[in-house]
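Report on the following structure.
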Amino acid sequence: MAKLHIKKDDTVVVLSGVDKGTKGTVIAVSPEEGKVIVSGVHVVSKHTKARRQGEVAQILKTEGAIYASKVQLYCPKCDKGVRSKVQVVDGKKVRVCAKCGAEI
Ligand SMILES: [Zn+2]
């Protein structure tokens with residue numbers, strides 16, 4: 001199973017596609033598929049029809065999964081998507097920005 005560099009609740013920036021440059025919070029990760037779901041990114045509409053009396057037809061908007069390789073961790077200090085690396089600080093593994101060294 002491939003290990004993703006992205007975790008749930010991470011803030012990421014989209015690198016390519018129609019949502020390029022969009023910043024969002026990771027809602028879910030799927031290491032099996034190598035995909036992530038990011039809030040506000042790749043929003044797809046689902047049309048539902050009224051099947052029973054009292055129901056209304058509506059359009060639901062939900063986020064679709066995108067490849068984790070298409071997003072980078074957001075570094076607040078650099079104010080952009082960056083590559084991250086793992087550093088050991090006081091015996092604990094922390095993720096830091098590869099550019100400025102800030103913990104992210
Ligand atoms: Zn940084």
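Note on segment 62-86: residues that are more than 13 Å from the ligand (Cβ to nearest atom) and more than 17 Å from the chain's Cα centre (by Cα) amount to 1. Restricting to segment 47-88, count the residues that are at pLDDT below 90 and farther than 21 Å from Ala28 by Cα. Residues in segment 47-88 being at pLDDT below 90 and farther than 21 Å from Ala28 by Cα: 13 in total. Scanning segment 2-27 for residues that are touching a residue at least 24 places away in the same chain (Cβ under 8 Å) and on the phi > 0 side of the Ramachandran plot yields one hit, Gly17.
Quick grid of which residues meet (1) crowded, with 18+ Cβ neighbours inside 10 Å; (2) in a strand (DSSP E or B); (3) free of Cβ contacts under 8 Å to residues at least 40 places away in the same chain:
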| site | (1), (2), (3) |
| --- | --- |
| Val29 | yes, yes, yes |
| Lys46 | no, yes, yes |
| Gly54 | no, no, yes |
| Leu73 | yes, yes, no |
| Cys78 | no, no, yes |
| Gly81 | yes, yes, no |
| Val88 | no, yes, yes |
| Gly101 | no, no, yes |
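For segment 35-43, does any single residue satisfy the condition of being in contact with a Leu (Cβ under 8 Å, 6 or more places away or on another chain), modelled with pLDDT of 95 or more and of a type in the set (A, V, I, L, M)? Yes: one or more hits. Of everything in segment 90-99, what is part of a loop (DSSP other than H, G, I, E, B) and near the ligand (Cβ under 10 Å from one of its atoms)? Give them in sequence order. Once the filter is applied, which keeps residues that are part of a loop (DSSP other than H, G, I, E, B) and near the ligand (Cβ under 10 Å from one of its atoms), segment 90-99 yields Ala98, Lys99.
The values are calculated or read from the model by the stated rules, or taken from the named source; none is laboratory data. None of these values were measured; they are calculated from a predicted model. Note that each Cβ is placed from the backbone with ideal geometry, even for glycine, and that neighbours are counted across all protein chains shown.
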